[in-house]
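S.K.: Let me give you the structure first, and then I'll get to my questions.
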Amino acid sequence: MKTKEIKVGNVLIGGDNPVSIQTMWDRPITVVDNKLIDKLNDIQAAGCDIIRFAVPKIEDAKIIGDIASKISMPVVADIHFDYKIALKCMDYPISKIRINPGNIGTKWKVEEVLKKAVDKNIPLRIGINGGSLPSDLRENDNLSKALITAAEREMEFLDKHNFDNFLVSLKASNIDDAYRANKAFSKKYNNPIHLGITEAGSLIPAVVKSSIYLYKLLSEGIGDTLRISISDDPLKEIYAANEILSALKLNKRERVELISCPKCGRASFDTHEFNNLIQKKLSTVNKSITVAIMGCTVNGPQEAKHADLGITGSGNSILIFKHGEIIRKVTKDEALEAFTQEIDNFEK
Ligand code: SF4
């Protein structure tokens, strides 16, 4: 079912809009300094559309508001339990509230939040997680049904108040439950869906689980925005999301396709090290080009002949090649800058 469109700051979610990428800041914030803003700008430059912050205390609302006024990426305030924090956050230029009306308590408190959200035209996300279901649903041995039931309770309340400026997430740490819940939900409702596997783990398990899960849903046209939860730097969540969306041909940005050899006993160029050095740069390049990082001069350029640009080397002699032909020789110290220049100047 085609979902309805909602607006989160300058990002449209749902309808025919491209799948947007989100992440969540991963630590408490006590001061909004240049270092923090630079990091958030890096996250945005890598392809993040929306960033979420937990707001555990009412004093944190001002901090999140301050951040929202200093970056162009829409900011989501994630609130549990205290409706006053949600109200306070909406005094600042935040773009969405993630809340579960069910854990806010008395109905009038939720009504206050809804009233202000309507006044400020701020959408909500109803975030249902398998690990924090209402107590009567926790023992349900059909988790996907329990997730939907929990969402329907929240939606019923919003519906009674004619509030429809919201999207929904139904998350679980198990791929099958999360898949079934989202698939069933999408057949029944047209609210935009935020996809994600919750508590997915460290880099490798999180990316593997998220890839399988997102492939299943996105290839069926289900899902309007997503977060890859990884117990690691939020930038890695964006790198992973970009790769998954690119593999599914759903990435709205033109991106670099990176090919890189794993190295073997013939290696004379450290592809592992160079990958780490150039990853941040590649994430910001909006060009549809293939870049190769190859471990030896003997096989590298030939094996990566189809790449638009490539790099390999031996000792202090680093070779940059274009469609398999060497175009530049530089020293090891010059390699990163030289390769970056070639990527920036490359035109098809
Ligand atoms: S390109 Fe060279 S180093 Fe890399 S896997 Fe092939 S033979 Fe080994």
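The values are calculated or read from the model by the stated rules, or taken from the named source; none is laboratory data. Everything quoted here is computed from the prediction, not taken from an experiment. Glycine gets a Cβ as well: all are built from the backbone with ideal geometry, and neighbour counts include every protein chain shown. Keep in mind that these areas ignore ligands, DNA and RNA; they rest on the heavy atoms of the full protein, side chains included. Shrake-Rupley method; radii C 1.70, N 1.55, O 1.52, S 1.80 Å.
Yes/no matrix, rows are residues, columns are (1) part of a strand (DSSP E or B); (2) in contact with a strand residue (DSSP E or B) (Cβ under 9 Å, 6 or more places away or on another chain); (3) more than 11 Å from GLY102 (Cα to Cα); (4) modelled with pLDDT of 95 or more:
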residue: ALA117; (1), (2), (3), (4): no, yes, yes, yes
residue: ILE122; (1), (2), (3), (4): no, yes, yes, yes
residue: GLY127; (1), (2), (3), (4): yes, yes, no, no
residue: GLY131; (1), (2), (3), (4): no, yes, yes, no
residue: ASP136; (1), (2), (3), (4): no, no, yes, no
residue: ASP141; (1), (2), (3), (4): no, no, yes, no
residue: ILE148; (1), (2), (3), (4): no, yes, yes, yes
residue: ARG153; (1), (2), (3), (4): no, no, no, no
residue: PHE157; (1), (2), (3), (4): no, no, no, no
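S.K.: When you check ASP270 against the structure, is it within 30 Å of LEU124 (Cα to Cα) and among the acidic types (Asp, Glu), yes or no?
M.R.: no
S.K.: Now for a different question. Which numbered condition in (1) open to solvent by 60 Å² or more (accessible area, probe 1.4 Å); (2) over 24 Å from ILE99 (Cα atoms) is the only one that ILE37 fails?
M.R.: It fails just one condition, (1).
S.K.: A further question on this structure: For the range 302-315, enumerate the residues that are of a type in the set (S, T, N, Q) and either within 15 Å of GLU337 (Cα to Cα) or outside the structural domain of ARG266 (by TED's automatic domain parsing) (or both).
M.R.: Matches in the range 302-315: THR312 only.
S.K.: Out of the helices (runs of 4 or more DSSP H) lying entirely within the range 229-348, which hold 2 or more residues that are over 30 Å from ILE197 (Cβ atoms) and within 12 Å of the ligand (Cβ to nearest atom)?
M.R.: 300-303
S.K.: Okay, next question. List pairs: first in the range 14-40 and in contact (Cβ under 8 Å) with a residue 12 or more places away in the chain and of a type outside the set (Gly, Ala, Ser), second exposed (fewer than 13 other Cβ atoms within 10 Å of the Cβ) and in a loop (DSSP other than H, G, I, E, B), Cβ under 9 Å, 6+ apart or cross-chain?
M.R.: Note: pairs meeting the criteria are ASP16/LYS2.
S.K.: Looking at the range 84-111 only, could you name the residues that are over 19 Å from SER169 (Cα atoms) and modelled with pLDDT of 95 or more?
M.R.: Residues satisfying the conditions are LYS84, ILE85, LEU87, LYS88, CYS89, MET90, ASP91, TYR92, PRO93, ILE94.
S.K.: On the basis of being surrounded by fewer than 19 Cβ atoms within 10 Å (Cβ to Cβ) and of a type in the set (Ser, Thr, Tyr), does TYR189 make the cut?
M.R.: Yes.
S.K.: Can you find even one residue in the range 261-272 that is open to solvent by 60 Å² or more (accessible area, probe 1.4 Å), farther than 30 Å from ALA146 by Cα and under 14 Å from the mean Cα position of the chain (by Cα)?
M.R.: No, the range 261-272 contains no residue that is open to solvent by 60 Å² or more (accessible area, probe 1.4 Å), farther than 30 Å from ALA146 by Cα and under 14 Å from the mean Cα position of the chain (by Cα).
S.K.: Quick one: which of GLU220, GLU199 is in the same structural domain as GLN22 (by TED's automatic domain parsing), surrounded by fewer than 17 Cβ atoms within 10 Å (Cβ to Cβ), touching a residue at least 60 places away in the same chain (Cβ under 8 Å) and more than 10 Å from the chain's Cα centre (by Cα)?
M.R.: When all the criteria are applied, what remains is GLU199.
S.K.: Which count do you get for residues in the range 149-165 that are touching a residue at least 40 places away in the same chain (Cβ under 8 Å), within 26 Å of the chain's Cα centre (by Cα) and open to solvent by 10 Å² or more (accessible area, probe 1.4 Å)?
M.R.: Residues flagged as touching a residue at least 40 places away in the same chain (Cβ under 8 Å), within 26 Å of the chain's Cα centre (by Cα) and open to solvent by 10 Å² or more (accessible area, probe 1.4 Å) within the range 149-165 amount to 3.
S.K.: Cβ-Cβ under 9 Å, sequence separation 6+ or interchain: first residue in the range 263-278 and more than 14 Å from PRO301 (Cα to Cα) and free of Cβ contacts under 8 Å to residues at least 12 places away in the same chain, partner within 12 Å of the ligand (Cβ to nearest atom) and polar (S, T, N, Q). Which pairs?
M.R.: Filtered contacts from the range 263-278: HIS272/SER260.
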